[in-house]
Amino acid sequence: MRTALITYSKVANRGGEPYFLTAGNRLRLVPAYNALLRAGFNPAIFASADEADVISTKQFQKADQVVFGKMVKPMYWLLEKCRDDGKRVIFDICDDPWDYPELHEMIPLAAQADFCTTSSDGLAAKLRSRLGIPIKTVNEPPDCTFGKPVLAPNDSRLRLLWYGSNTNAASLAGIADALAPLTADRRIELTILSAFKSSFDQVLATSTADFVIRFEEWVPDLQDKILAETDLVLIPKRNDGWSELKSANRLVTAIAAGRLAIAAPIPSYQSLAEWSVLTNDFLGGIRDVLARPDFYLDKLHQGQAYTRDKYDLPVIEAEWKALLT
């Protein structure tokens, strides 16, 4: 099926394949694009393009279906043109749009789609109830290469990692105070891997000689390197009323990389509870892991096998192929 994929984000050519810096597009539109390509179709990506420019192209005019990724600028005319031309319309919604003011105008447009795809069963249920159209959940592949499971922090240092969007910076509020008792036994090093350093000024200001907090600007491939140098991944949640209907991707990524994660027990993480530590007591969770490293390393090996079966890129591409062809 001839397909046009449209998003606000800029796309780059990386090794002959499309690449987005934004995770929502990198982990969703790219697998969809590759699934169509491998099925013998020739999909077109319109990234950061104006409506008039899209409509004027032969790729759009000949498209049988249009997949709208995340949009911060609503494209009313483009959607109307899709409808007038009888094209199938799909909206991919990977974040709760009611959380983000810049996504609010996308909501009534998505309600006009033939169906929507989304990143978690919880968000699917919310979209289904509010939009009144069919919703399909499509998982996201790990945002890393698979790595050897390791759980062997030394007695003098514990290396922790937090990664994600800067919009989740608030989830780290108070983390240094909560984990301060760990410094009685060893030096704690917390790396924050994200964008827009100023979003993390408050937590970075709590760095001390015993509890060092450093920021690294996210760039392609750096996440793999830092994960390989990490003992444990931390994934706390915000406590300010934001939706907990997230994808499982950050937890999937930690397991795939071979690193145990201490994560807040949000709905999408429950299916991975067997191979991680789901708790709001991060101090207690870390202490338990340090006391039983062999027990948790065995779980991590099992979890990685599960992750390969359910979230490996070929599996995700097959899900997109089933929906789009």
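The values are calculated or read from the model by the stated rules, or taken from the named source; none is laboratory data. Predicted model only: the values in this text are computed from it and were never measured. Cβ: placed from backbone, ideal geometry, glycine included. Neighbour counts: every protein chain shown. The area values use the complete protein model at the heavy-atom level, side chains included, leaving out ligands, DNA and RNA. Shrake-Rupley method; radii C 1.70, N 1.55, O 1.52, S 1.80 Å.
Taking residue 83 as the residue in question, decide whether it is open to solvent by 10 Å² or more (accessible area, probe 1.4 Å), modelled with pLDDT of 95 or more and either in contact with an Asp or Glu (Cβ under 8 Å, 6 or more places away or on another chain) or within 14 Å of residue 32 (Cβ to Cβ) (or both).
So residue 83 does not fit the description; no.
Here's a check for you: in segment 255-300, which residue that is part of a strand (DSSP E or B), crowded, with 20+ Cβ neighbours inside 10 Å and without any contact (Cβ under 8 Å) to a residue 40 or more places away in the chain is farthest from the chain's Cα centre (by Cα)?
Looking at the filtered set, the residue picked out is 277.
Test residue 78 against the stated conditions and say whether it is modelled with pLDDT of 95 or more, over 24 Å from residue 246 (Cβ atoms), touching an Asp or Glu at 6+ places or on another chain (Cβ under 8 Å) and open to solvent by less than 10 Å² (accessible area, probe 1.4 Å).
yes
What about residue 190, is it over 24 Å from residue 298 (Cα atoms) and either of a type in the set (Ser, Thr, Tyr) or in contact with a Lys or Arg (Cβ under 7 Å, 6 or more places away or on another chain) (or both)?
Considered against the rule, which asks whether it is over 24 Å from residue 298 (Cα atoms) and either of a type in the set (Ser, Thr, Tyr) or in contact with a Lys or Arg (Cβ under 7 Å, 6 or more places away or on another chain) (or both), residue 190 comes out as no.
Looking only at segment 101-121, count every residue that is touching a helix residue (DSSP H, G or I) at 6+ places or on another chain (Cβ under 7 Å), closer than 18 Å to residue 81 by Cα and outside any loop (DSSP other than H, G, I, E, B) and tell me the total.
2
Within segment 1-56, can you find the residues that are in a helix (DSSP H, G or I), more than 16 Å from residue 78 (Cβ to Cβ) and open to solvent by 70 Å² or more (accessible area, probe 1.4 Å)?
Within segment 1-56, 37, 38 qualify.
Could you tell me whether residue 124 is small (Gly, Ala, Ser), touching a helix residue (DSSP H, G or I) at 6+ places or on another chain (Cβ under 8 Å), within 22 Å of residue 245 (Cα to Cα) and modelled with pLDDT of 95 or more?
no
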